[in-house]
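Contents: one structure, followed by commentary.
Just so it is clear, none of the values below were taken in a lab; they were calculated from the coordinates. All of these numbers come straight from a predicted model, not from anything done at the bench. We place every Cβ from the backbone using ideal geometry, glycine too, and count neighbours over all the protein chains shown.
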């Protein structure tokens, strides 16, 4: 099941994102359920959120993944949504 995680950072939290980026990327690598991912960018080109496509068994697994993301544990996000997603175009 593909789940789109869309997260928006708290205002002024770019340093929190930078401080936890290595742990976040290691978590992505270790869990093996991320199909696609990348940061959202603001008008200045700075990272301000995340779009992650998870390939998991169910929504419960997606919720658990999101809760254990080092970014979430660091309190980076202002909001997070998880929505079932269907790939139509792309690899």
*What list do you get for 85, 65 if you sort them by fewest beta carbons within 10 Å?*
85, 65
*Compute log10 of I(q)/I(0) for the chain with the Debye formula, placing one identical point scatterer on every Cα and leaving out solvent, at q = 0.14 Å⁻¹, to two decimals.*
-0.47
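What is the fewest-to-most order of 41, 82, 76 by other Cβ atoms lying within 10 Å of their Cβ?
Numbers: 41 11, 82 18, 76 23.
In increasing order of surrounding Cβ atoms, one gets 41, 82, 76.
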*the range 2-84, relative contact order [Cα under 8 Å, separation at least 6], %*: 51 percent
*Sorted by Cβ density within 10 Å, fewest first, the residues 17, 87*: 87, 17
*Inter-probe distance in nm under a simple model that places probes 7 Å from Cα toward Cβ, at residue 89 and residue 21*: 2.9 nm
